[in-house]
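> Below you will find the structure I want to go over with you.
The values are calculated or read from the model by the stated rules, or taken from the named source; none is laboratory data. Bear in mind the structure is a predicted one, so any value in this text is a computation, not a measurement. Every residue, glycine as well, gets a Cβ built from its backbone with ideal geometry; the counts of neighbours run over all protein chains shown.
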Amino acid sequence: MTTPSDPGEPGQPGQQPYEPMPAAPAVNEQQELAGPAVARPKPVDNSFVLWLIGAGLYLVFVILGTATGSTREGLERSFGRPPTDAEVNTAKIFGLVIGLAMIGLFVLFAFMMRAGRNWARITLTVLGGISIVLNLFGIRSAGALNLIITLVLVVLVAAAIYLMYRPESNNYFSAGRVRQ
């Protein structure tokens, strides 16, 4: 009876000596392999600021909509009858919650866009485009102050979208795709 031999023993016929797997690169070597960090261009920073200003203005818009009697008037037009106090309060709370959630999402996506995430840029573009269309449809029923805020918001969002797609911004987001 023969004894099993180690397959890595160099004396065995037809066997190659075992070579261990090379070590993983060090953390600083992985950073070098990813390429140099791409500087964030000024249009991306400007777009980020415009998104934050727009979120602040939208917050004012939401607070004004909640605090004024426009909710009651809007519900009366929709229902065809005077709404109850409970219906008005429910609509105000619902509007406030949805408005604050939208503001939070815009701010989150603005930070992610600023960090070079292309998906956030695309999401902001879609949400911003929807916002522009909805605001433009709502202009005909807006009061004087709401009209001014709406027009400013439309211009801010359009400018922020434009800045995200400038050539230097495109290079920034393309470099982010290569790094990841």
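> If you check every pair at least six apart or on different chains, which have Cβ atoms under 9 Å apart with a residue in region 157-172 that is within 16 Å of Met112 (Cβ to Cβ) first and a residue that is outside any helix (DSSP H, G or I) and of a type outside the set (Gly, Ala, Ser) second?
Correct list of pairs: Ser169/Pro41; Tyr172/Val38; Tyr172/Arg40; Tyr172/Pro41.
> Identify all residues within region 67-78 that are surrounded by 12 or more Cβ atoms within 10 Å (Cβ to Cβ) and not small (Gly, Ala, Ser); write none if there are none. Break it down stepwise before answering.
Residues of region 67-78 surrounded by 12 or more Cβ atoms within 10 Å (Cβ to Cβ): 68, 70-76.
Within region 67-78, Thr68, Thr71, Arg72, Glu73, Leu75, Glu76 meet the criteria.
> Related question: Looking at Val152, Val133, Val157, can you tell me which residue is surrounded by fewer than 12 Cβ atoms within 10 Å (Cβ to Cβ), more than 12 Å from the chain's Cα centre (by Cα) and in a helix (DSSP H, G or I)?
On the way: Val152 fails: surrounded by fewer than 12 Cβ atoms within 10 Å (Cβ to Cβ); Val157 fails: surrounded by fewer than 12 Cβ atoms within 10 Å (Cβ to Cβ).
That would be Val133, the only listed residue that is surrounded by fewer than 12 Cβ atoms within 10 Å (Cβ to Cβ), more than 12 Å from the chain's Cα centre (by Cα) and in a helix (DSSP H, G or I).
> Would a scan of region 122-142 turn up a residue that is of a type in the set (Lys, Arg), closer than 21 Å to Thr68 by Cβ and without any contact (Cβ under 8 Å) to a residue 12 or more places away in the chain? First the steps, then the outcome.
Within region 122-142, the first condition is being of a type in the set (Lys, Arg), and the residues that meet it are 140.
Subset that is closer than 21 Å to Thr68 by Cβ: 140.
Going one step further and asking which of them are without any contact (Cβ under 8 Å) to a residue 12 or more places away in the chain, we end up with 140.
Yes, that holds for at least one residue.
> Filter region 154-180 down to residues that are modelled with pLDDT under 90 and closer than 16 Å to Val49 by Cα, then give me how many there are.
0
> Out of all the residues in region 79-93, which are surrounded by 11 or more Cβ atoms within 10 Å (Cβ to Cβ), in a helix (DSSP H, G or I) and either in contact with an Asp or Glu (Cβ under 6 Å, 6 or more places away or on another chain) or free of Cβ contacts under 8 Å to residues at least 12 places away in the same chain (or both)?
Selection gives Phe79, Asn89, Thr90, Ile93.
> Considering only region 103-116, I want to know if a residue exists there that is in a helix (DSSP H, G or I), of a type in the set (Phe, Trp, Tyr), touching a residue at least 60 places away in the same chain (Cβ under 8 Å) and out of contact with any helix residue (DSSP H, G or I) (no Cβ under 6 Å at 6 or more places or on another chain). Give the steps one after another, and end with the answer.
As a first pass, look at region 103-116 and keep what is in a helix (DSSP H, G or I): 103-114.
Checking which are of a type in the set (Phe, Trp, Tyr) leaves us with 106, 109, 111.
Within this subset, residues satisfying the condition of being touching a residue at least 60 places away in the same chain (Cβ under 8 Å) are 111.
Okay, now just the ones that are also out of contact with any helix residue (DSSP H, G or I) (no Cβ under 6 Å at 6 or more places or on another chain), so 111.
Looking for residues that are in a helix (DSSP H, G or I), of a type in the set (Phe, Trp, Tyr), touching a residue at least 60 places away in the same chain (Cβ under 8 Å) and out of contact with any helix residue (DSSP H, G or I) (no Cβ under 6 Å at 6 or more places or on another chain), one finds at least one in region 103-116, hence yes.
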